[in-house]
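Below: the structure, in structure tokens.
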Amino acid sequence: MTEFRESRRDLLKAAGVLGVGGVLGGCSEGDAFSPNKPAVPGSENWMRGEERFIATSCGQCEAGCGIRVRVVEGRAVKVEGNSDCPINRGGIGPRGLAAPQVLYDPDRIQGPLLLTGPRGSGEWKSIAWEEAIELLGERLLQLREDARPEQLGILCGRERGMMRDFWERFATAYGTPNFFDGGRSDDGAEIRASLAMQGIGEVPARDWENAKVVLSLGSGVLDASCQTLHFARMRGRGNGGNGRTEIIHVGPSYSRTAMNADEWIEARAGTNAAFVLGVAHVLVRDELFDQRFVGEQCSGFESWKDDEGREHLGFRAVLDQFSPVEVAKICDVPIAVIEDVARSMSKNRPCFAISGADDLKASNGVHTAMAVHALNALLGAIDRPGGLLTQLKPPLAEWEEVELDEIAEAGLEREPLFDGDRAKARALGRSLDQLPNCLMAGDPYSLDTLLIDHSNPIYARADAGAWRSALQSIPFAVSFSPFMDETTAEFANLVLPDDSWLERWEDSCSAPNLGRAVFGLRQPVVERLYDTRATGDVLIDVAQAIGEGLDEAFAWKDFKSAFKDKIIGLHKSKSGSIAESKGSKFLKRLYAEGFWVGDDYVHEQWERVFQTESGRFEFFSTALWKELQERAELRGESIEETAMDLAGVGDPDLLCLPFYRELATVGETSRYPLSLQPYKPHTYARGSGANLPWLVELAPWRGRSTWGSEAELHPDTARVFGIRQSDRVVLESSEGSLELSAYLTRGVRRGDVRVALGAGHTAYGRFAEGIGANAMTLLSTDTLDPFGGSSVLQGTRVSIRRLQS
């Protein structure tokens, strides 16, 4: 680990300056209120003391909360919540408050860079944008002239929104099938479950405020979840004025969410599906479930026969295996607790269950998400007040369809590298963690150029060694990161730095939140500080440089023009919170207010809510059954053999139903006796937040240390290994080792060890590099879910030993 030479006092002193833009020139040392402020672009157009509050949307996490930025004399000095925005109603978390430090980070890349030495050497040369665009344009043009457009890859980490669509449009117009979507790695398991059972490829929105009981299954709604503000508001207001909502949290650790819950049920990690199925068993056994909803809107509850005469299990039959007695053994919880939770939820409707995204990053993640979704169906919580809602999309206009030339058509017909040999793959779905092996295989072709946007796999993903080998195999890589992160530092040949989100136009691309349609505006609050450019503008410039039809597909002057072409659909809808007869008036109000929200949500529109083949909520997923059939035919084997090969299950019906599969682990128990539980702290922001001193200085709990990493373990566990409070220890897995401090707490289950994510950078600027330890380096990808979904996080076993002083 890099030695940390600056004192914490020095860093905080610098952090205070950075929050108000002092990095740009240095304030006078004598008078803290001196009018000799650092010069910033555009400040000459402001009067002394002039301030404005500019409405925009936060870019620190996927919630996209409405904010107002206080700008004084052209300098962004403070962020506060926008009380008018329905997403957060004025609330704002620590990540949003730290936003000025993103803008004024002294280690931002200030202009295009060209690598002049070997990869990873740090030998960069500043170049002009015109030269950078010409260089990339010529390289991409040459690939098309050689009829090899498929050898361009795009690794995009954006979850949603116009810029993600812009990247996909560029891939289509160029002619490459290799658009690697890394943005859904967090909620992939829940999306897969929603597709399987509801036919909807998105996570649900949740009606927090009208729920009487919420069952939290390892969720981090008060740790690092984008649902934090909804959770907090619900706790403060109660359900529709009918009393405070009851929170029941199930999980192995006394997390911030567990601490704020009404009840914490300590359960063995990786057993949430069993717990949920135990609760469902009680509801069905005692006829406490919503029988009308199940009878009218669901299929697959009872055993059934398909058109070919084959008998299939129903969900009721599966539940027979999950009596409270059996579930108590699996989860290590009292039988009475399972019974009590079922009765509490039955008596106090509306209610719903929510699973934590990080808990679903496991070998059984998809089926755990299916179990939670099934419990919500039994409770009648699907598209009902106080339950789960199917998020409506804002009525944005569509860009004109791309007209493909022959080169693009031929390239798009090539097999995507991520597909690989589906017959040999031991999985039904793909996770981005499998991409390195696909890239290194070079079958049926290899990549020549990779464009990397909003993605830092060398730091943020398991098995960094595989990612390094894969990226090294690609001759040319272009990074659009505004910071010198690990992937950029080690593998980029060209850096085209993006503006910060406080300097560019885009939509907030919020995660599902209210059910009704919401559009969040993100607009520049200050003039750009450096010679950076919005990535959307760069794509337009590159497309113009290539020509060959891409110039027509990206004929806009800049991304703001493309952005306006989309939002004109909001104006034309003549609905929602901003309805004006003239487009100019509509835009003026949107820019001033910072958001548009649609009309009230209408519940129980079943044709929209259930888009499965049956038009119902499917306890037995016919889509998954078809996937199993297709794989069996591809491999020339029976569907029973396919089920056994995929998940070690003899009956393929069980893989199409909510079911508990034991968590797969890596590491022999005799050598690695502890279960590693990585988690995101409440300060975890996009890119980890480690380069924002205000966040790093926030302790996870009162009295805890900062500017470092801790291994959290139970005192009884520590005693076994001779470890005392604050000892330096080494955690080791089959993949690597970390050195960090021990923190003893009874809030961690015996036999587990918790480590916060977000630290341990080897690059990313002075405030992040060399501080703490990166738990991702311990993780193995051997525990991936064979049904695809999320990236891996759970299932790694570790050993621990005390460092000798």
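In region 81-105, which residues are of a type outside the set (S, T, N, Q) and open to solvent by less than 10 Å² (accessible area, probe 1.4 Å)? I'd like the intermediate steps shown before the answer.
Residues of region 81-105 that are of a type outside the set (S, T, N, Q), as a first pass: 81, 84-87, 89-100, 102-105.
Matches in region 81-105: Cys85, Ile87, Gly96, Ala98, Ala99, Pro100, Leu103, Tyr104, Asp105.
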Worksheet, complete the sentence: From the option list Gly96, Gly59, Gly49, single residue qualifying as assigned to a helix (DSSP H, G or I) and in contact with a strand residue (DSSP E or B) (Cβ under 8 Å, 6 or more places away or on another chain) is Gly96
Practice prompt. Output the number of residues of region 84-136 satisfying the condition of being polar (S, T, N, Q), modelled with pLDDT of 95 or more and more than 22 Å from Ala763 (Cβ to Cβ).
Written response: 0
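Just to be sure, is Glu400 in a loop (DSSP other than H, G, I, E, B) and surrounded by fewer than 23 Cβ atoms within 10 Å (Cβ to Cβ)? Explain how you work it out, then say what you get.
On the way: in a loop (DSSP other than H, G, I, E, B): yes; surrounded by fewer than 23 Cβ atoms within 10 Å (Cβ to Cβ): yes.
So Glu400 passes the test.
Looking only at region 419-439, decide whether some residue is farther than 30 Å from Leu624 by Cβ and more than 22 Å from the chain's Cα centre (by Cα). Let's see the steps before the verdict.
Of region 419-439, the ones farther than 30 Å from Leu624 by Cβ are none.
No: region 419-439 contains no residue that is farther than 30 Å from Leu624 by Cβ and more than 22 Å from the chain's Cα centre (by Cα).
Mind checking whether some residue in region 720-737 is in a helix (DSSP H, G or I) and over 22 Å from the mean Cα position of the chain (by Cα)?
Keep residues of region 720-737 that are in a helix (DSSP H, G or I), which gives 720.
Remaining after also requiring over 22 Å from the mean Cα position of the chain (by Cα): 720.
The answer is yes; a qualifying residue exists.
State which residue is modelled with the highest pLDDT when the search covers only region 665-698 and only residues that are on the phi > 0 side of the Ramachandran plot, in the same structural domain as Leu779 (by TED's automatic domain parsing) and open to solvent by less than 30 Å² (accessible area, probe 1.4 Å). First the steps, then the outcome.
Narrowing region 665-698 to residues on the phi > 0 side of the Ramachandran plot: 667, 687-689.
Still in the running and in the same structural domain as Leu779 (by TED's automatic domain parsing): 687-689.
If we keep only those that are open to solvent by less than 30 Å² (accessible area, probe 1.4 Å) as well, we get 688-689.
On the way: Ser688: 70, Gly689: 84.
Per the criteria, the residue is Gly689.
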Response to the item:
Residue hits (region 530-548; in contact (Cβ under 8 Å) with a residue 40 or more places away in the chain and closer than 19 Å to Glu398 by Cβ) are Gly536, Leu539, Ala543
Practice prompt. Can you tell me which residue among Gly386, Gly411 is small (Gly, Ala, Ser), assigned to a helix (DSSP H, G or I) and at pLDDT 95 or above?
Written response: Gly411
Worksheet item: Ser733: touching a strand residue (DSSP E or B) at 6+ places or on another chain (Cβ under 9 Å), within 30 Å of Met484 (Cβ to Cβ) and either in the same structural domain as Asp463 (by TED's automatic domain parsing) or not hydrophobic (A, V, I, L, M, F, W, C) (or both), yes or no?
Response: yes
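What number of residues within region 554-605 satisfy the criterion of being on the phi > 0 side of the Ramachandran plot and either more than 27 Å from the chain's Cα centre (by Cα) or among the β-branched types (Val, Ile, Thr) (or both)? Explain how you work it out, then say what you get.
Taking region 554-605 and keeping what is on the phi > 0 side of the Ramachandran plot, we get 574, 576, 594, 604.
Those still in the list that are either more than 27 Å from the chain's Cα centre (by Cα) or among the β-branched types (Val, Ile, Thr) (or both) too: 574, 576, 604.
Within region 554-605, residues that are on the phi > 0 side of the Ramachandran plot and either more than 27 Å from the chain's Cα centre (by Cα) or among the β-branched types (Val, Ile, Thr) (or both) number 3.
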Worksheet item: If Ala763 passes every condition in (1) open to solvent by less than 60 Å² (accessible area, probe 1.4 Å); (2) under 29 Å from Ala664 (Cα atoms) but one, which one does it miss?
Response: (2)
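Per-residue answers, yes or no, for (1) touching a Lys or Arg at 6+ places or on another chain (Cβ under 9 Å); (2) in a loop (DSSP other than H, G, I, E, B); (3) surrounded by 18 or more Cβ atoms within 10 Å (Cβ to Cβ):
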{"residue": "Val79", "(1), (2), (3)": "yes, no, yes"}
{"residue": "Glu131", "(1), (2), (3)": "no, no, no"}
{"residue": "Leu140", "(1), (2), (3)": "no, no, yes"}
{"residue": "Glu159", "(1), (2), (3)": "yes, yes, yes"}
Discussion item. Pairs please, first residue from region 32-45 and surrounded by fewer than 10 Cβ atoms within 10 Å (Cβ to Cβ), second anywhere and modelled with pLDDT of 85 or more, Cβ atoms under 9 Å, 6+ apart in sequence or on different chains.
Written reply: Pro35/Arg48; Glu44/Gly74
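Can you tell which of Leu738, Leu793, Leu744 is under 19 Å from Asp223 (Cα atoms) and of a type outside the set (Gly, Ala, Ser)? Even if it seems obvious, please write down each step before you answer.
Numbers: Leu738 fails: under 19 Å from Asp223 (Cα atoms); Leu744 fails: under 19 Å from Asp223 (Cα atoms).
The conditions single out Leu793.
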Fill in: Lone unmet requirement of (1) open to solvent by less than 50 Å² (accessible area, probe 1.4 Å); (2) in contact with a helix residue (DSSP H, G or I) (Cβ under 6 Å, 6 or more places away or on another chain); (3) assigned by TED's automatic domain parsing to the domain that holds Pro524 for Phe586
(3)
Fill in: Count of residues meeting criterion [of a type outside the set (Ser, Thr, Tyr), without any contact (Cβ under 8 Å) to a residue 40 or more places away in the chain and surrounded by 14 or more Cβ atoms within 10 Å (Cβ to Cβ)] in region 299-320
3
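Going by what's in this entry, would Ser479 be described as out of contact with any Ser or Thr (no Cβ under 6 Å at 6 or more places or on another chain), at negative phi and of a type in the set (S, T, N, Q)?
Numbers: out of contact with any Ser or Thr (no Cβ under 6 Å at 6 or more places or on another chain): no; at negative phi: yes; of a type in the set (S, T, N, Q): yes.
The answer is no for Ser479.
Tell me, please, whether a residue that is crowded, with 17+ Cβ neighbours inside 10 Å and either more than 29 Å from Thr390 (Cα to Cα) or of a type in the set (Lys, Arg) (or both) can be found in region 606-617. Steps first, please.
Of region 606-617, the ones crowded, with 17+ Cβ neighbours inside 10 Å are 609-610, 612, 616-617.
When the remaining residues are screened for being either more than 29 Å from Thr390 (Cα to Cα) or of a type in the set (Lys, Arg) (or both), the result is 616.
For region 606-617, residues crowded, with 17+ Cβ neighbours inside 10 Å and either more than 29 Å from Thr390 (Cα to Cα) or of a type in the set (Lys, Arg) (or both): present.
Can you tell which of Arg528, Arg504 is surrounded by fewer than 23 Cβ atoms within 10 Å (Cβ to Cβ), at pLDDT 95 or above and part of a loop (DSSP other than H, G, I, E, B)? Walk me through how you get there before you give the answer.
Working: Arg504 fails: surrounded by fewer than 23 Cβ atoms within 10 Å (Cβ to Cβ).
Among Arg528, Arg504, only Arg528 is surrounded by fewer than 23 Cβ atoms within 10 Å (Cβ to Cβ), at pLDDT 95 or above and part of a loop (DSSP other than H, G, I, E, B).
The values are calculated or read from the model by the stated rules, or taken from the named source; none is laboratory data. In this text, all values refer to a predicted model and were calculated from it rather than measured experimentally. In this analysis, Cβ positions are derived from the backbone assuming ideal geometry, glycine residues included, and neighbour counts consider all displayed protein chains. Ligands, DNA and RNA are stripped out before the accessible areas are found, and what is left, the full protein with its side chains, is counted by its heavy atoms. Shrake-Rupley method; radii C 1.70, N 1.55, O 1.52, S 1.80 Å.
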